[in-house]
Structure formats: structure tokens, C-alpha cells
Amino acid sequence: MLSFSWFSSAKAADHWQESGLSENGSELTAYIKITPDNQVKILCPNPEFGQNVMTSLPMIVAEELDVNWKNVTVEMGPHDNVKLGPQFTGGSNSVRMYWKPLREAGAAARQMLCQAAADTWNLPVDEITTKAGVLSHSSGQSATYGQMASKAAALAVPKAFKLKAPKDFTIIKKPTKNVEGKKIVMGSPLFGLDYRADGMLIAMIQHPPAFGMKVKSFDASESLKMPGITNVFTLKLYEDGFAQGGFDTRSFNDLLVIVGKTTWEVMNARKKLVVEWEPTGDRKDNVAGRNGAREVMVPGELETTATQLEKMKAYAQKPAQQLRKDGDPETAFKNAAQVIERTYTAPFLAHNCMEPMNFFAHVTDEKALVAGPLQAPGWSEPTLAKLLHLPADKIEIQMTRMGGGFGRRAYGQYLYEAALISQKVKAPVKLIYTREDDMTYGIYRPMYTATYRAALDVNKNLIAFHVKGGGIPEHAIHPNRFPAGAIDNYLAEGWEIPSNITIGAFRAPRSNFNAAAEQSFLDEVAEAMEKDPIAFRLELLKRAKEAPVGKNNEYDPDRYAGVLTLVRDKSGWNKPGAEKYHRGVAAYFCHNSYAAHVVDMTTKNGEPYVERVFSAMDCGIVVNPEAARNMVQGAVVDGIGNAFFGALTHKEGAAEQSNFDTYRLIRHNEAPQKIEVHFVENEFDPTGLGEPPFPPVFGAVANALYKTKGKRFYNQPFHRELDKQI
């Protein structure tokens, strides 16, 4: 997919009309429009939820087009994954996935403009040069892109063109401000919650109070008497036997819907509903994923966190699935002079996007218009078409800016709910979740545990490593990542416990726990071996490079060592000047990128406080250093907050936290005073950045906390154990 050029068959005029860009101008490839006054308009294909792709992706086009960035304006493209590519924002893939296609789009358009100038001036095309939106020839002839755009647009999109060498970049690698920054601070209507339409109604859903419950009966008589309320009814999201796509996760299938004129009226009327709930019992879901269609058994149990923890302890003692084995770890452990064994746990986490789930829908018998915050429109469209019994070409998906995503908005059930409600009431509808709806609905980060063991010989050499991880309902183990490949005797195992509490991708799925546990454990092993924690990791990476063990090692030891070396040097690790701090380090590889952090912790008002952080990243070419730095800083703050406070627990199926009064997030005064970010400079194609900085933060915090408190912390969130000490 990375090598596929989506723009080659596009007729871009359709996109500009859908985006409201109907003024005069000429379209060159699916992404570019140039007006006669030399203004360049670029479509951003991917949804934006704060990672700044609306700036970074157009920068890639503009670089190869060779225009003045000051003359560029950016618009969000409509959903059209035939002409604009996958349009998926997630998995730290936006820049990585579009790097080649967008460069090719810009370079092809530049070649078309050069050809138009060559034809006009009757000169060879290879004698035409470009700079900042101007075409020139050594004879003195010149023209702006705008003057040649109309003629260029009539040409066929070329198959042969030259891409710039990284040394010639003038836009890429330059810190660039967010193109929507002014709109955001001025409060322009950018988000799904801002969306309005004539005659639009507001809908809300009364979800069951617990996972494993469903509607038995309801009385809406009092609600229907209240001002502005138009309808109350039940609705099935998926009919029996419906084949769900891989991202069609939903927690509750039987919907109790209330519809009215305003949000406030609907919220108040919903409180008057009288509902009787009943257990769902066990059920079967038909799910089609990457590994084909399968039948999934969903237990009907009303689950409680304390019971879940006991179950995980019991499962951890049972045989598990072997994920990787190198050498003879059993014998190595049997003969070890010392065995270090530690178990780590982490709770469910809610995504808590600042903008709660919402979506607008207007569905008629002939077509559907839906608009709102969505990470994966291409994955949602086929399901929506099946649910509405409409062909895909009769469905228009408009993508608004998202007030956060973190993986939650890759699951489009709230879009499907809005569309079915609109179809039922035969009117335009905006579905809105309250914060409580959002936090208690599900699709959480899973609940995890892992036991790590290390075997040392009499000389304190590491001779074997074993990780056995599990979770509800999935484990977090990545068996082919560091330190796999660096140890002769290595074993990775995994197990899972089914649950009706639904899960979904959460910023760096699985890695966010795996890195926390692994990096904490490696520090403890280094201490037992009487080695510096950074030096110990570098020794392992040297072994993985010079004499790698096993196959399928996912990481590049040189690049991994590179971020550790960079963060060591930039933080002044083991050098004078940091005596006031308790320091922790961690590094991790995921989403094709490498991250390392040094956390400097002090005590503030009697509590551990991360005062400053040094971060090192290797994500290949950094398209926009300003956005990249912000992304890493945000990941650091997010990681610190979740490590100390993040937790969602259940009692008899009901979430015990429903808003920010009980679900603790990091506060402004708890954020570090300084987060210093450094990037390894190289010319590798860009890789992921939205997620890779996040996982190692947990481990670095845990390791600094050990230095601060003199004891190890194995169970997240750390504040619970800290509170027990007080």
C-alpha cells in the first residue's frame, strides 16, 4: 500500500466541490488546486485529532510541488479512499503511510507545470526550473504556477518525475505552525460537537448500568411530557447474526433512544426514563478480522475488579501459549545462581477524549450524510452501508476535527447509532454522549498483568529471560521485541481471559503496558547485576547486533542504542549537576520508531513530582519538528498522568468511575516544568510518532519512583500504593 499512488486516477474537481472550494482554480492531482493569483490549496486526506497531520501531510505535498508555504492553504478532504487513499489516522501511520504518495503527488504536479511552461515557451522541459511557486528558464522567461496551472491541469498525470533529495528540502524539516491554530484559539466551529444542520434533532442513548445487562422494559411517559421531546424508542444496533468488521466493536446492542430539540431538554428528559434491566447471558458474536471470520463467545458475567485480579493470578499459574522460545530457558533457570521474578499489573483505562463521542446523521431512503469525529472512515463505511441497506456511493462521510482520539474513534459504533436513529425518525440527528456515557460505555485499554523472570549465573551474568503475560481480554506481550534476540535462553508466553467489558486500541496498544513492565524489570535486573541501567541496555543491544539470537527480531539494535545514547548525553546521565533529582530511564521500540526518556523526579508538597524530562526519538525524517516536539511532550504528560493516576474499575459490571471527579487525570500543576526533546538526525523515511514516545514514560517514572521512595512499584496506578504508605 505504501507504494501505491492513489492520485493517479483521481478527478480532483469532485473533492473541491465537496470541500466548498468552488472558486476559480485548476486541479493538479487529487490533492492540489492552484488559483490564477498563485494561491495553492492542498487537501489533507487524513482526519485530524491533534497530532497536526493537517499541517504535516500538506507540507509533504508542498515540498515536492516546490511552492512558498506562505501561499498554501489547507482544507480537510472528504472521505474517498479510492482517490485519497486509506484516510486512516491511527497506528502512528499517517505520515509513514502517505510519505511516498504525497511526495509523488507534489512532484507529478510540479512536472505538469514544467511541461506546461515548456510547451508555452517551446523549450525542452528539462530546462525549466522551479522555485517557490515560480517557473523559470535561463533565457529569462518566467511565470507563476498560477499562470500555468490551467494549461498544466489539462495534461495527463505523468508516470515519470524526480523526487527531491532530502538535502534539498526547504519545507520538510522546518518547524511550522499549525495551519488551524488561529481557528482553534478563536473558537471556530471545527469539531463534531460544533456541527449544525437545519431541522437537526438531538439524540441520546440510555445505556445499561453495567456490562452484561440489557433493556427488559421501559416507561417513557414522564419523559415524553417534558418540553422538546419528540420520541423515545428501542433499536437494535446489529441484527442477530450480523457479521461485524474488525473495528465494529460495541458494548451494548439494544439501544434505548431519546430524541428531542436541544441537548439540555434531552439530558433532563432522559433522567425521567423508568427502565427495567435484565442480564444478557452469554452470547456469540460473529467477527471478521485480519485472520478471517470467527465466532467469539462473550460471557454474560457481571464482573468485579477484585474478582478479575484473582482470576488473573489463577490463570498466571496455568500453562500458557508459547509465543517464542530461544535456547533452553528451562535448564538455564534450573541451574541459575539467582532468579529474579516480579509481577506487574495495570487496570482498564478509559480514553477520555476531551470531546465526548458524537456524530451527525441525515439518512433518507435514497442516501445518507454523516459528519463527525472519526479516525477510520474507510473501515466504517462498509458496515454503515450494510446497516442502512444503502450502496456505499450513496453515503457521504464528512470528517470534522476531533477533540482527541487515542484509538477510541477508530471504532465507529457511535456513527452507526446516529445513522440508525436518523433513519428511524426520518430527520437529521446529532447523537451526543455525555462524559458519563463516554467513560462508562467501554472500548477501554485492557486490564493487564505480566510476570518477568531473569536468571543470573554465579558471576551475575544474565543467562535466561522469561516473560509470561496475560490480560482481560487480551495479553500485551510482543515476543519479538527487545530483549528478545539479545539473550541465549529466552521464553515468551501469553494467555487471555474472555470478558464482556469491551476493549479497543489505546495509544500504543499493548506496548503501553509491555514497556512499563519490561523497562521496570530491566532496571531491577541491572541493579542485581551491579550495572548502570543505560550501560546494561546498551550491552544487550550490542549483543543483539553482533550475535543476534533467534529470528524475527523486530527492532534495529543500532537505532535502539542510538536513542539511549542520545538521551544519556543530553540528560547528562551520571554527570555532575543532577544531584537534586532521582533519575529513571526507559527506552522502547514500537510502531517502527524508537523512544527513550530520562525522568528527573523530586518531592513536591510531600508527593513525588516529575520536574523535568529528557526525551530522545528516532522516527526517521522529521517532517515538522514543531509538531513532532509537541507530540512527544504530550505523550510524556499523558504517560506520567496514567502511570500515577489512570484506572477504571468495575463492581458487578458497572464502572465505578464516570467523570473526572473520580477518574483522576494529571493536573496542570503536576506537569513537568521542562520536557526537552531531541531527535536522531538521519534520512530514513518517516515512521510513527503519535504513539512511540508514550510507552516508555511509564517505565521511566517507575524507575525514578524507586529512587525517590526506596521501594519498587509493580501495580499501576502508582498513587494507590503511595496512598497506602501515607
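Here are the numbers for the structure shown:
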item	result
Segments 453-463, 254-264 sorted - mean Cβ within 10 Å per residue, highest first	254-264, 453-463
Ranked order, F406, F589 - accessible area, probe 1.4 Å, largest first	F406, F589
Accessible solvent surface per residue of the chain, calculated while the other protein chains remain in place, 1.4 angstrom probe, Å²	40
Distant-in-sequence amide H partners of H650 (H built 1.01 Å from N, under 5 Å)	T305, E656
Potential lengthening between L722 and K313 on full extension [0.36 nm per residue; Cα-Cα distance subtracted]	145.0 nm
Per residue Cα convex hull volume in Å³ - calculated over segment 422-540	146
Leading residue at positive end of dipole, the chain (Cβ point charges), from T649, I60, N461	N461
Å³ per residue enclosed by the Cα convex hull of segment 457-499	65
Distance (nanometres) between label positions extended 7 Å along Cα→Cβ at T234 and D569	6.7
Reference-scaled alpha-carbon Rg (2.2 N^0.38 Å with N residues) for segment 659-726	1.47
Karplus-derived HN-Hα couplings along segment 696-707 (A = 6.51, B = -1.76, C = 1.60, θ = phi - 60°), whole Hz, x at Gly and Pro	x, 4, 4, x, 5, 5, 4, 6, 5, 5, 4, 5
Rounded accessible area of M112 (nearest 10 Å², 1.4 Å probe)	10
Coarse-grained scattering of segment 317-445 at q = 0.10, 0.14, 0.15 Å⁻¹, given as base-10 log I(q)/I(0) from a Debye sum over alpha-carbon atoms	-0.49, -0.68, -0.73
Zone of N605's modelled label, taken as backbone nitrogen in segment 619-652 under 14 Å from a point 7 Å along Cα→Cβ	none
At q = 0.06, 0.09 Å⁻¹, base-10 log of I(q)/I(0) for the chain (Debye sum, equal scatterers on each alpha carbon)	-0.40, -0.88
Gain upon complete extension [M267, A528; 0.36 nm per residue less C-alpha separation]	88.2 nm
Loop trypsin sites (Lys or Arg not before Pro), segment 178-211, which have at most 14 other Cβ atoms in a 10 Å radius of their Cβ (DSSP)	R196
Cα-projected label distance for N461 with K177, points at 7 Å along beta-carbon direction, nm	6.0
Hydrodynamic radius by Kirkwood, which averages 1/r over all alpha carbon pairs of segment 203-268, in angstrom	13.3
Rounded to whole Hz, the Karplus (6.51, -1.76, 1.60) HN-Hα couplings of segment 455-466, x for glycine and proline	10, 10, 8, 5, 9, 6, 8, 6, 10, 7, 9, 9
Cut-off under 5 Å, modelled amide H: who pairs with I675 long-range	V613
Dimensions (Å) - segment 569-726, Cα atoms, principal axes, largest first	52, 42, 25
Pair M354, E341: separation of 7 Å Cα→Cβ label points (nm)	4.7
G405 long-range amide H proximity, modeled H, under 5 Å	none
Measure of compaction for segment 69-147 (Cα Rg per 2.2 N^0.38 Å)	1.40
Sparsely packed GluC sites (Glu not before Pro) within segment 633-726, loop by DSSP, other Cβ within 10 Å at most 15	E652, E656, E681, E683
Solvent accessible area, Å² - F684, 1.4 Å probe, full protein context	100
Sequence of V125, V599 when ordered by accessible area, the most exposed leading, probe 1.4 angstrom	V125, V599
Rounded accessible area of S26 (nearest 10 Å², 1.4 Å probe)	20
Those lysines that a straight Cα-Cα span of less than 19 Å connects to K311, excepting residues fewer than 8 apart in one chain	K468, K651
Karplus-derived HN-Hα couplings along segment 555-569 (A = 6.51, B = -1.76, C = 1.60, θ = phi - 60°), whole Hz, x at Gly and Pro	9, 9, x, 5, 5, 4, 5, x, 6, 5, 5, 5, 5, 4, 6
Net length gained if the chain between N68 and Q321 were fully extended (0.36 nm per residue, minus Cα distance)	85.5 nm
Peptide ranges 503-511, 75-83 listed from the most packed, as the mean C-beta count within 10 angstrom indicates	503-511, 75-83
Qualifying lysines (Cα of each under 16 Å from Cα of K394; at least 8 residues distant if same chain)	K367, K386
Reciprocal of mean inverse Cα separation for segment 249-405 (Kirkwood radius, Å)	21.6
Entries in K183/K426; K167/K570; K41/K183; K131/K183; K236/K424 that, when Cα-Cα distance is taken, lie over 23 Å	K183/K426; K167/K570; K131/K183
R0 of 60 Å, Cβ-Cβ distance E546-L224: FRET efficiency to nearest 0.05	0.20
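The values are calculated or read from the model by the stated rules, or taken from the named source; none is laboratory data. All values reported here derive from a predicted model rather than from experimental measurement. No Cβ is skipped: glycine too gets one built from the backbone with ideal geometry, and neighbour counts run over all protein chains shown. Accessible surface areas use protein heavy atoms only, side chains included; no ligands, DNA or RNA. Shrake-Rupley method; radii C 1.70, N 1.55, O 1.52, S 1.80 Å.
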